[in-house]
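The values are calculated or read from the model by the stated rules, or taken from the named source; none is laboratory data. As the structure is a prediction and not an experimental result, all values here were calculated from the model. No Cβ is skipped: glycine too gets one built from the backbone with ideal geometry, and neighbour counts run over all protein chains shown. Just so you know, the surface numbers come from the protein's heavy atoms only, side chains and all, with ligands and any DNA or RNA stripped out. Shrake-Rupley method; radii C 1.70, N 1.55, O 1.52, S 1.80 Å.
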Amino acid sequence: MNLFAEAFAWLFSPDRLTGSHPLPAAIGEHLFYTFVSVAIAALIAVPLGYLVGHTGKGRDLAVALAGAGRAVPSFGLIVLLVLVLGVTHKPLAAVITFVLLAVPSILAGAYSGLESIDRAVIDAGRATGMTEWQIFRRIEVPLGLPLLVAGMRSAVLQVVATVTLAAYVGLGGLGYYIIQGVPLRRYDQILGGALAVTILALVLDGVFALLERLAVPPGAPRQSRKSSRREIQTREEMEQIEHYPVEQSN
Amino acid sequence: MTWVSNNLDLIVSLTVAHLRQSALPIILGLLLALPLGWLAFRFRRARGPILVSSGLLYTVPSLALFAILPPLLGISFLSIANLIIALTIYAVAIMVRSVADALGSIDPDVRSAAVAMGYRPWRSFWSVELPLAGPVILAGLRVAAVSTISLATVGVLIGAENLGYLFTNGLQRRIVPEVLAGVVAVMVIALVIDLVLVIAGRMLMPWAPRRPDRKSKAERAMAS
């Protein structure tokens, strides 16, 4: 417990505001990489996921992709891309890695959000004379939003964890304190960095949990409110069983 | 690819170590998730705290968990125990939910039938509920196994010798094939273990639907 006191002392020491790696800058870097990567991943995955969810085509591929995503060792992928793209392109290599890791969760969130909608609701829209585009804009997007946000939530958490590992290739962020502290045996710094990144992850998780709630349109069935990233995962799991053995899991 | 053929012995021995380090957390995770998931399913009061805390534990980034566990448990930072315990925590966090959902997806009529036939709770659990929950629990186990195998590579940063060594060593020596070999090896063993679990599941649970209907009861319960 004493170590925790030392870690908090380290975290809140005035020294954290100065020096070559001030804490606010590290938090900023961490958030910057997380949001940029998740935003790029969303630009790619949301339209694709909507296409899959609306047409039902390419679903097997999307499921397989989500499955394969979990088996990829993120730490290895970032090291690989840094080596391939060259050490001078570290931020680019890192962002590509984070985007690759974030795409499957967001894709799964987008298509499962559309799939989770009761077919009767969509048929009702069609019966009242809505065009395909109106069905998509006014029914599918709003009702699918909570699961999409849930997918983004799990993507954000995965990226936050991987940005921490990226400190090993010298990217900065909060992982820096942990990685740099190990050879120096500075346990107050290691634990302080670990607590900082844990708090960051928990806060982001909380923010996205709230967004998930806000994303439920008024009058939508309560069921979608309860959905969480974990349940999407389980849905995928069931889907994977269905489609085995085409893809690797996870 | 000459790097791979010249270092096959290293890759094989790291793979064996990697499997050994991953197997224990997967098995321990399942053994711990079964009673916890049952508690979450059986007692409404316990459900929230168990599921929320497992969700929060899953949120902690791996490198941070490796740093937080040692002072809490009095173990060394650079130790295999640290890696095994952290991976077990993640495995439990993944599986608790699927165990609770799996038990919850069983038709209450089946449970009543077991009671009517004179099954005591203990026997009903082992011979009625667990077999029926098995396929969904297996789905959780597969996710936990694959993520454990890929997460274990981070263990190299706390001194564990496994396939993650190919990443750190490959970076230091700037050998792309070495890092690539590590990534591929991890994905291959994750795939193989996943396949083994699927085959074991088919042999142990021949009653599980091969291609469950999309609207099977289990899935509807999980989607809700």
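Here are a few things to note about the model shown:
- Per residue, the average separation of C-alpha pairs within less than 8 Å and at least 6 apart gives region A:26-169 a relative contact order of 37 percent.
- Averaged over peptide B:179-192, the number of partner chain Cβ atoms lying within 10 Å of each residue's Cβ comes to 5.
- Label-to-label distance for A:Arg137 and A:Asp118 is 2.5 nm, based on points extended 7 Å past Cα in the beta-carbon direction.
- Peptides A:13-19, A:172-178, A:54-60, A:204-210 ranked from most to least packed give A:172-178, A:204-210, A:54-60, A:13-19, packing being the mean of other C-beta atoms within 10 angstrom over each peptide's residues.
- Think of each Lys and Arg Cβ as +1 and each Asp and Glu Cβ as -1; about the Cα centre, that makes the dipole of chain B roughly 740 debye.
- Average beta carbon contacts from partner chains per residue of B:53-59, 10 Å cutoff: 4
- Theoretical FRET efficiency, 1/(1+(r/R0)^6), r = Cβ-Cβ of B:Gln172 and B:Arg202, R0 35 Å, to 0.05: 0.20
- Computed over protein heavy atoms with a 1.4 angstrom probe, the accessible surface ordering of A:His89, A:His21, largest first, is A:His89, A:His21.
- Whole-number D in µm²/s for region A:2-249 (Stokes-Einstein; Kirkwood sum over Cα pairs; 37 °C, 0.692 mPa s): 168
- Between region A:104-142 and region A:57-89, the Cα center-to-center distance that results, in Å: 29
- Shielding by partners for peptide A:167-178, expressed as the average number of C-beta atoms from other protein chains within 10 Å of each residue's C-beta, is 2.
- Computed E for B:Ala81/A:Ala209 - FRET, C-beta separation, R0 35 angstrom, nearest 0.05: 0.60
- Karplus 3J(HN,Hα) series, Hz, for region A:88-102 with 6.51 cos²θ - 1.76 cosθ + 1.60 (x for Gly, Pro): 6, 9, 3, x, 5, 4, 5, 5, 4, 4, 4, 4, 4, 6, 7
- Along each principal axis, Cα extent of the protein assembly as shown, largest first, Å: 63, 56, 51
- If you plug the beta carbon distance of A:Asp15 and B:Asn7 into 1/(1 + (r/R0)^6) with R0 = 51 Å, you get a FRET efficiency near 0.70.
- On association of chains A and B, roughly 5200 Å² of accessible area becomes buried (total for both chains; probe 1.4 Å).
- For the options A:Pro24, A:Pro218, A:Pro146, a Gaussian network treatment of chain A with springs between C-alpha atoms closer than 10 Å singles out A:Pro218 as fluctuating the most.
- Rolling a 1.4 angstrom probe over the protein heavy atoms with all chains in place gives region A:2-249 an accessible area of 42 Å² per residue.
- Per-residue Karplus couplings for region A:50-59, computed as 6.51 cos²θ - 1.76 cosθ + 1.60 with θ equal to phi - 60°, are listed in order as 5, 4, 4, x, 6, 8, x, 8, x, 5 Hz, Gly and Pro entered as x.
- In order along region B:23-31, phi translates into HN-Hα couplings of 4, 4, x, 5, 5, 4, x, 5, 4 Hz, rounded to whole numbers, per the Karplus curve 6.51 cos²θ - 1.76 cosθ + 1.60 with θ = phi - 60° and x for Gly and Pro.
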